[in-house]
1. Filter segment 123-140 for residues that are surrounded by 14 or more Cβ atoms within 10 Å (Cβ to Cβ) and part of a strand (DSSP E or B); which is farthest from the chain's Cα centre (by Cα)?
2. Exactly one condition in (1) surrounded by 16 or more Cβ atoms within 10 Å (Cβ to Cβ); (2) out of contact with any helix residue (DSSP H, G or I) (no Cβ under 9 Å at 6 or more places or on another chain); (3) under 17 Å from residue 13 (Cα atoms) is false for residue 182; which is it?
3. Please determine whether any residue of segment 17-31 is at pLDDT below 95, crowded, with 20+ Cβ neighbours inside 10 Å and assigned to a helix (DSSP H, G or I).
4. State yes or no: is residue 175 within 29 Å of residue 111 (Cα to Cα), more than 16 Å from the chain's Cα centre (by Cα) and either modelled with pLDDT of 90 or more or in a helix (DSSP H, G or I) (or both)?
5. Enumerate the strands (runs of 3 or more DSSP E) found wholly within segment 62-122, keeping only those where 3 or more residues are within 21 Å of residue 24 (Cβ to Cβ) and in contact with a strand residue (DSSP E or B) (Cβ under 9 Å, 6 or more places away or on another chain).
């Protein structure tokens, strides 16, 4: 089984269900995304709009990676059109920016999958410092290098790398269940009745 492809084709909702209602990364919003995408995280830590470490990451990230950036004190934009073009040339798959971005219209036209905390027209400043390949804390959600990032219009899910195979297998079971429920609905059954039959009713809280 191609684990990355399996999670990418499923999208975030089935993956969240498969991992016991795994929450998404809080606070981030889609800037540009047309379809579900998944890839291993290449992590970057920076601060105060310093985008130079992000540019360095482009030189080191493997094709198919998802760039994940934490700006510890967001100020100016650390991602824009030129960074996007660089990412695409380097075959980076997507980016999750826990900070500010800009050039939204151009990025959407390019079709590059991108999430961020927000946008600003003000550019950040390239400076010293920053760290690559470190664990990040995105609003309480931990991201380590190699963890699987799954994103679509609903949000961003982080699958721990050691749970990747488990997640793919459990996600397939969720998809099979949803297909069965969908068929019953199309056959005229009510959703409540189906949930009772499938033993899916549970407590809230």
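The values are calculated or read from the model by the stated rules, or taken from the named source; none is laboratory data. Nothing here was measured: the structure is a model prediction, and the numbers come from that model. FYI the Cβ positions are ideal-geometry reconstructions off the backbone, even for glycines, and counts take in every protein chain you see.
1. Taking the candidates together, the pick is 123.
2. If we test residue 182 against (1) surrounded by 16 or more Cβ atoms within 10 Å (Cβ to Cβ); (2) out of contact with any helix residue (DSSP H, G or I) (no Cβ under 9 Å at 6 or more places or on another chain); (3) under 17 Å from residue 13 (Cα atoms), just (1) comes out false.
3. yes
4. Working: within 29 Å of residue 111 (Cα to Cα): yes; more than 16 Å from the chain's Cα centre (by Cα): yes; either modelled with pLDDT of 90 or more or in a helix (DSSP H, G or I) (or both): yes.
So residue 175 fits the description; yes.
5. Values: elements: 66-71, 77-79, 94-101, 114-119.
Because the criterion is at least 3 residues that are within 21 Å of residue 24 (Cβ to Cβ) and in contact with a strand residue (DSSP E or B) (Cβ under 9 Å, 6 or more places away or on another chain), the strands (runs of 3 or more DSSP E) in segment 62-122 that meet it are 66-71, 94-101, 114-119.
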